[in-house]
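Novice: I'd like to ask you about the structure that follows.
Rule-based calculations on the coordinates, nothing more; no lab input. Model, not experiment: these values are computed from the prediction. We place every Cβ from the backbone using ideal geometry, glycine too, and count neighbours over all the protein chains shown.
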Amino acid sequence: MTTAVLTLLNTLEPIAKLSTGRKRELAGLCFVEKVSKGINPLRMNVTHAKQVVYLIKGELELQFVGGGKELLRATDPAAKHPVICDQNLAGSLACTEVEILRIDNDLLDIMMTWDQLSTADDVLKNLPPDHADNDGKRNRTAVEWMRDTEVFSVAKLQSGVFSKVPVANIEAMFQRMERISTVAGQVIIQQGAVGDYYYLIEHGSLLVSRAEGVNATSVLVAELQAGDAFGEEALVSDNKRNATVTMKTDGQLLRLNKRDFVELLKEPMLTHVSREIAGAKVAEGAVWVDARLPSEYQYEHIDGAINLPLNEIRQLLSELDKSLTYVVYCQTGRRSSAAAFILGQHGLDVLVLDGGTRSYVM
């Protein structure tokens, strides 16, 4: 079915203009619906317009406000474009059995925006020139990076860190991002070092290990794969690295230096709120999150808060409900900002208590 849908997408506008990778991704996210004669297949779309709808088989009568009607056939050139579901459309009627292709409106708009940005003249003219890696292979341009559906999948663009980045920042990010080739065993981040880069994994896998003391043995805490990001904790909290990250395999990473990360990603991503606003959000169903260590949490914490220590937060993500809002706090706001950034990267709705609990009575 996906192959058939992909062939179909290549005939539709403006979808046909999407990059090949995006069309493959979209083919698995849209669906074809058969509708019997006499049914209104657009009954939900007229009022909500949450879907882009194409007529791909049969005949459909479009009914307009004021009494006008129009017959749309799947063989008509107009059927290569979405059915216009605006305030002038009162309804529709399947004159024959029809087939409708439905696509989430926001999903398609994100894909189109991302792809068009990657080919915009003002982006292309500002791209740094390609240069050869150590192995003689040419670096991929930002155009190719933006179209990478593993690192920048539509799920990440819809609900991850990039969903909250202003369009202008996206352009700047790709102009400033650097691609590096790595080899198995190479240490990318050393625990205790000063934070300098934010990383995205293009290819390869990495191991995250942590030692709890100066002479303690390092313990493996996570394994990262293509599409994952790391290195943000030290940059957001302005602390030293809290873990060592080592290449498990050869690979390629994309990296953004600290100054650009803070300017382009951190600031748009984090929303700080006062204690009053945070309390109101919790009263409406939001959940307090304490990002400090368990010993700190046990000594004192805000009533009703759950404990998600910053150093364990990646392992605890699966326990969280994406339908809820989380208000994260620590003593000063540093650890809570880092925790909130990680949660936001994974599609959760997050707020940060401004100033931390030091500014308030627990």
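Novice: What FRET efficiency comes out for the pair GLU70/GLU312, r = Cβ-Cβ distance, R0 = 51 Å, nearest 0.05? Walk me through the numbers before you get to the answer.
Specialist: Values: r = 59 Å, r/R0 = 1.16.
Computed FRET efficiency for GLU70 and GLU312: 0.30.
Novice: Using modelled amide H (1.01 Å from N, peptide plane; none on Pro or chain starts), what sits under 5 Å from the amide H of LEU72, excluding residues fewer than 5 places away?
Specialist: LEU60, GLU61, LEU62
Novice: Can you show me the helix-derived [θ] at 222 nm for the chain, built from DSSP H runs with n ≥ 4 at -39,500 (n - 2.57) apiece and divided by the number of residues, rounded to the nearest 500.
Specialist: Numbers: 14 runs with 101 residues, N = 362.
Result for the chain, helices only: -7000 deg cm²/dmol.
Novice: Let me ask something additional. Using amide H atoms built in the peptide plane, which far-off residues or other-chain residues are under 5 Å from ILE188 H to H?
Specialist: Result for ILE188 returns VAL245, THR246, MET247.
Novice: Among the lysines, which fall within straight-line cross-link reach of LYS17, defined as a Cα-Cα distance under 29 Å, with same-chain neighbours fewer than 8 residues apart omitted?
Specialist: Filter leaves LYS34, LYS50, LYS57, LYS80, LYS125, LYS137, LYS156, LYS164.
Novice: Additional query: For the chain, with a Gaussian network of springs between Cα atoms less than 10 Å apart, report the residue from GLY66, GLY192, GLY279 with the top mean-square fluctuation.
Specialist: Sorting by GNM fluctuation, first place goes to GLY66.
Novice: What's the longest piece of the chain with no exposed GluC sites (Glu not before Pro), counting a site as exposed if DSSP puts it in a loop and it has at most 13 other beta carbons within 10 Å?
Specialist: Numbers: sites that count: GLU212, GLU284, GLU300.
By the stated rule (loop sites, at most 13 other Cβ atoms within 10 Å), 1-211.
Novice: If R₀ is 56 angstrom, what is the calculated FRET efficiency for the pair SER295 and VAL32, using the beta carbon separation as r and rounding to 0.05? Spell out each step's value before the answer.
Specialist: Values: r = 56 Å, r/R0 = 1.00.
Taking R0 as 56 Å, the efficiency between SER295 and VAL32 is 0.50.
Novice: Just name one of THR3, LEU55, ALA78: the one whose Cα is farthest towards the positive end of the charge dipole of segment 1-104 (beta-carbon charges, Lys/Arg +1, Asp/Glu -1).
Specialist: Working it through, the farthest residue towards the positive pole turns out to be THR3.
Novice: Separate question: If the elastic network links every pair of Cα atoms under 10 Å, which of SER318, SER205, SER153 fluctuates the most in the Gaussian network model of the chain?
Specialist: SER318
Novice: Alpha carbon centre of segment 10-42 versus segment 296-350: separation in Å?
Specialist: Taking the Cα centre of each part, segment 10-42 and segment 296-350 sit 38 Å apart.
Novice: Explain nothing, just the number: dipole magnitude of segment 270-359 about its Cα centre with +1 on each Lys and Arg Cβ and -1 on each Asp and Glu Cβ, in debye rounded to the nearest 20. Show your work: numbers first, answer last.
Specialist: On the way: 8 positive and 11 negative charges, 59 e Å.
Computed about the Cα centre, the dipole is about 280 debye.
Novice: Can you spot the aspartates and glutamates whose alpha carbon is less than 15 Å from LYS258's alpha carbon? Ignore those fewer than 8 places along the same chain.
Specialist: GLU178, ASP196, GLU232, GLU233, ASP238, GLU267
Novice: Looking at the P(r) of segment 2-104, how many percent of alpha-carbon pairs lie beyond 20 Å? Mind showing how you got there, number by number?
Specialist: On the way: 1863 of 5253 pairs.
Value for segment 2-104 (Cα pairs over 20 Å): 35 percent.
Novice: Net charge within 12 Å of ARG255 by Cβ-Cβ distance, Lys/Arg positive one each and Asp/Glu negative one each, not counting ARG255 itself?
Specialist: Values: positive: ARG176, ARG179, LYS258; negative: GLU178, ASP196, GLU202, GLU232, ASP260.
Around ARG255, the surrounding residues sum to -2.
Novice: Separate question: Which distance in nm do the two modelled labels at VAL219 and SER323 give, with both placed 7 Å along the Cα-to-Cβ direction?
Specialist: 3.5
Novice: Given H placed on each backbone N at 1.01 Å, which residues far from VAL327 in sequence or on other chains put an amide H within less than 5 Å of it?
Specialist: Residues meeting the amide H criterion: VAL287, TRP288, VAL289, LEU351.
Novice: While we're here: Measure off 7 Å from each Cα along the Cα-to-Cβ vector at THR3 and GLU178, then give the distance between these two points in nanometres to one decimal.
Specialist: 4.4
Novice: When you count, for each residue, the other Cβ atoms within 10 Å and take the mean per peptide, how do 74-85, 336-347 rank with the highest first?
Specialist: On the way: 74-85: 15.3, 336-347: 24.3.
Listed from highest to lowest mean packing, they are 336-347, 74-85.
Novice: So which trypsin sites (Lys or Arg not before Pro) in segment 310-362 pass both tests, a DSSP loop state and at most 13 other Cβ atoms within 10 Å of the Cβ? Could you put the intermediate results ahead of the total?
Specialist: Values: sites: ARG314, LYS322, ARG334, ARG335, ARG358; in loops: LYS322.
Passing both the DSSP loop test and the Cβ count: LYS322.
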